[in-house]
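Everything below concerns the one structure shown next.
The values are calculated or read from the model by the stated rules, or taken from the named source; none is laboratory data. Since we're looking at a predicted model, the values are computed, not measured. Counting neighbours? That spans all protein chains shown, and the Cβs are built from the backbone with ideal geometry, glycine included.
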Amino acid sequence: MSNPRLWLPLLVFAGLAAAPFLGLGQGHSLTLLARGMIFGLAAVSLMLLVGGAGLVSLGHAAMMGMGAYAVVVLDHAGMTEAWMVFPAGILAAALFALLTGAIAIRTSGVHFIMITLAFGQMAFFTTSSLALYGGDDGYTLFNRTEVFGARWLENRLVFHFVCLGLLVACWALVQVLLESRFGRVLRASRENETRARALGFSPYPYRLLAYVIAGAMGGLAGVLLANSAEFVAPAYLAWQRSGDLLFMVILGGLAGPHGALVGALAFVLVEEWLSHAMEHWRLVFGPLLILCVFFLRGGIVGLLRRG
Amino acid sequence: MAETILALHGLRKSFGGLLVTDDVTLDVRQGEIHALIGPNGAGKTTLIHQVSGTLAPDAGRIRFLGEDITALSMPARARRGLARSFQITSVIPSFSALENAALAVQARQGSSFRFFRAASREAALNAEAIAALAEVGLDARAATPAAALSHGERRQLEIAIALAMRPRALLLDEPLAGTGPEEAERLIRLLSGLRARYAVLLVEHDMQAVFALADRISVLAQGRVIATGTPDDIRADPAVREAYLGEDEAA
């Protein structure tokens, strides 16, 4: 068990599974943990792009937004069934990823960052102008998604374990994908594209597929976020949110999906703690993040390898 | 005469006003090492780039295994069996030597759109990769990350990767660049052993190596092929002496 890629996530998952029974069962802490897991899921999917494919996307919040707005659109139409809502959110995000990725992946480096940012902002302004769904003010969901008519997700404990189960599944999927033939081509193309091409691999279809898979997982996180907050607003798609996600991935470390997982949880928890501890918490949070980038070269999980 | 594997016909390429490849015609046959030499700036690497597909020629045709590949991309040419090594070692640094070679096997064996099975545990890939490493004498270092290999070992790995592709033709761009005398000798022996199975186009600065290895030599000067022939022909050719070898003697 010397490989933190495996034991660290298992430890985190065990902790999350035990949390409701260790006195954290009170409403607010569970809401906070759910939020951490949802962003963990989104960060793990972004990790497939950044750490796996070398695609630094600054538009991943838009994928979450697609999932969240799918919940809104269906809710407005009176549809709140999980078997419709979840697939719709995932497919909406996957489709958005396919359409924007088909163009974005033709670029690389800084251009890729800018074009994903541009697509993200397009989605942001589009949702802001949807007067039907509250425009800038957002849209309040009066009920969470139902499972065959039952309101299980209203129960915090059930919702906690739904989030945890999906997080584990997505983490495992990313882990397996990166080790597969497909992932090997992605990693090789990230490290040395010329070599990959000289071997006969065109990186484009591999990268596009990774982008769509990550988008779909981002959409799933969006569906969960909408249900967690029972509210959806264009701010979910703002580029700052994409920046936060990217930061979670880098803060945790790019060594594997376990880094994104830890980074997201640390980010959400520290943000929450600081915002309660002081009024001008951003004055501390910002420099703290900068220090992390300076001194934690391999991210949080990089510390483990040395220690 | 042996089968012609690779044939360049009237290749031309210019950057702005500078003609770097000027009507180059040459061929590489099965079982021969065809060396390409020439003074610095003669356009050797530019020519290799056009053959491998990183640069598109302005005019002319490239035929490979009887098929016109001029319009094909580098990956498409590689899949047809055209392998290249790079002047500056080009491997995947974080991959082990084995994984570097296995990636090359994977490129031609089955689909790479496979998502659930760990590639590093695919015995079929690893067996062929090990065989390629053994051929260059690197099998003992299979588990070492490429970044941790010595320069000479990385040059060997680069050749192992090319062999793992099971190519029909090898484009070797200065395989001896930056190696010490001992490493160079080992590589020369290795390259000599490849001759029987492949058509090799070799660009090399080390004249001793070229004359030891090549069956035929083409001399490039200012983008033009000024002579093609056996090593003896080339040594005796007055135009070559003037354009190229003469420089060395004067120096």
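Of the conditions (1) under 13 Å from the mean Cα position of the chain (by Cα); (2) within 14 Å of chain A (Cβ to nearest Cβ); (3) over 18 Å from B:Pro93 (Cα atoms), B:Arg195 clears all except one; give me its number.
B:Arg195 satisfies all of (1) under 13 Å from the mean Cα position of the chain (by Cα); (2) within 14 Å of chain A (Cβ to nearest Cβ); (3) over 18 Å from B:Pro93 (Cα atoms) except (2).
Please specify each residue of the range B:64-100 satisfying the condition of being among the polar types (S, T, N, Q), within 11 Å of chain A (Cβ to nearest Cβ) and within 21 Å of B:Gly137 (Cβ to Cβ).
B:Ser85, B:Thr89, B:Ser90, B:Asn100 - these are the residues of the range B:64-100 that are among the polar types (S, T, N, Q), within 11 Å of chain A (Cβ to nearest Cβ) and within 21 Å of B:Gly137 (Cβ to Cβ).
Would you be able to say whether some residue in the range A:210-229 is among the hydroxyl-bearing types (Ser, Thr, Tyr), surrounded by fewer than 24 Cβ atoms within 10 Å (Cβ to Cβ) and more than 9 Å from chain B (Cβ to nearest Cβ)?
Yes, the range A:210-229 has at least one match.
Out of the range A:116-134, which residues are of a type in the set (Ser, Thr, Tyr), surrounded by 14 or more Cβ atoms within 10 Å (Cβ to Cβ) and more than 12 Å from A:Gly65 (Cβ to Cβ)?
Within the range A:116-134, A:Thr116 is the sole residue that qualifies.
If I filter the range B:205-217 for residues that are within 12 Å of the chain's Cα centre (by Cα) and of a type in the set (Asp, Glu), do I get at least one hit?
no
Looking for something without any contact (Cβ under 8 Å) to a residue 40 or more places away in the chain, of a type in the set (A, V, I, L, M) and outside any helix (DSSP H, G or I) - is there at least one such residue anywhere in the range A:15-32?
yes
Which of the following residues is within 14 Å of chain B (Cβ to nearest Cβ) and under 19 Å from the mean Cα position of the chain (by Cα): A:Gln175, A:Gln121?
Just a single option satisfies the conditions, and that option is A:Gln175.
Can you pull out every residue in the range A:89-115 that is touching a residue at least 60 places away in the same chain (Cβ under 8 Å), in a helix (DSSP H, G or I) and either surrounded by 15 or more Cβ atoms within 10 Å (Cβ to Cβ) or at positive phi (or both)?
A:Gly89, A:Ile90, A:Leu91, A:Ala92, A:Ala93, A:Ala94, A:Phe96, A:Ala97, A:Leu98, A:Gly101, A:Ala104
Do the conditions hold for A:Thr31, that is, is it hydroxyl-bearing (Ser, Thr, Tyr) and modelled with pLDDT of 95 or more?
It is false that A:Thr31 is hydroxyl-bearing (Ser, Thr, Tyr) and modelled with pLDDT of 95 or more.
Does A:Met66 satisfy the condition of being at pLDDT 95 or above, more than 16 Å from the chain's Cα centre (by Cα) and in a helix (DSSP H, G or I)?
no
I'd like to know if the range B:101-119 contains one or more residues that are among the hydrophobic types (A, V, I, L, M, F, W, C), more than 8 Å from every other protein chain (Cβ to nearest Cβ) and farther than 16 Å from A:Ala196 by Cβ.
No; the residues of the range B:101-119 include none that is among the hydrophobic types (A, V, I, L, M, F, W, C), more than 8 Å from every other protein chain (Cβ to nearest Cβ) and farther than 16 Å from A:Ala196 by Cβ.
Quick check on the range A:44-63. Is at least one of its residues more than 12 Å from the chain's Cα centre (by Cα), of a type outside the set (S, T, N, Q), closer than 14 Å to A:Ala260 by Cα and outside any helix (DSSP H, G or I)?
So far as the range A:44-63 goes, yes, one or more of its residues are more than 12 Å from the chain's Cα centre (by Cα), of a type outside the set (S, T, N, Q), closer than 14 Å to A:Ala260 by Cα and outside any helix (DSSP H, G or I).
Answer with yes or no whether B:Ala147 is surrounded by fewer than 20 Cβ atoms within 10 Å (Cβ to Cβ), assigned by the TED database to the domain that holds B:Gly53, closer than 16 Å to B:Ile88 by Cα and in contact (Cβ under 8 Å) with a residue 24 or more places away in the chain.
No.
Of the residues A:Leu58, A:Leu46, which is under 24 Å from A:Leu177 (Cβ atoms) and crowded, with 24+ Cβ neighbours inside 10 Å?
A:Leu46
Each row is one residue, and each column tells you yes or no for (1) within 14 Å of another protein chain (Cβ to nearest Cβ); (2) farther than 30 Å from B:Ser112 by Cβ.
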site	(1), (2)
A:Gly149	no, yes
A:Trp152	no, yes
A:Arg156	no, yes
A:His160	no, yes
A:Val168	no, no
A:Arg187	yes, no
A:Thr194	yes, no
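Looking only at the range A:234-253, decide whether some residue is closer than 20 Å to A:Val44 by Cβ and part of a loop (DSSP other than H, G, I, E, B).
Yes, there is a match, as at least one residue in the range A:234-253 is closer than 20 Å to A:Val44 by Cβ and part of a loop (DSSP other than H, G, I, E, B).
Of these, B:Glu158, B:Glu135, B:Glu99, B:Glu128, which one is surrounded by fewer than 20 Cβ atoms within 10 Å (Cβ to Cβ) and either basic (Lys, Arg) or within 23 Å of the chain's Cα centre (by Cα) (or both)?
B:Glu135
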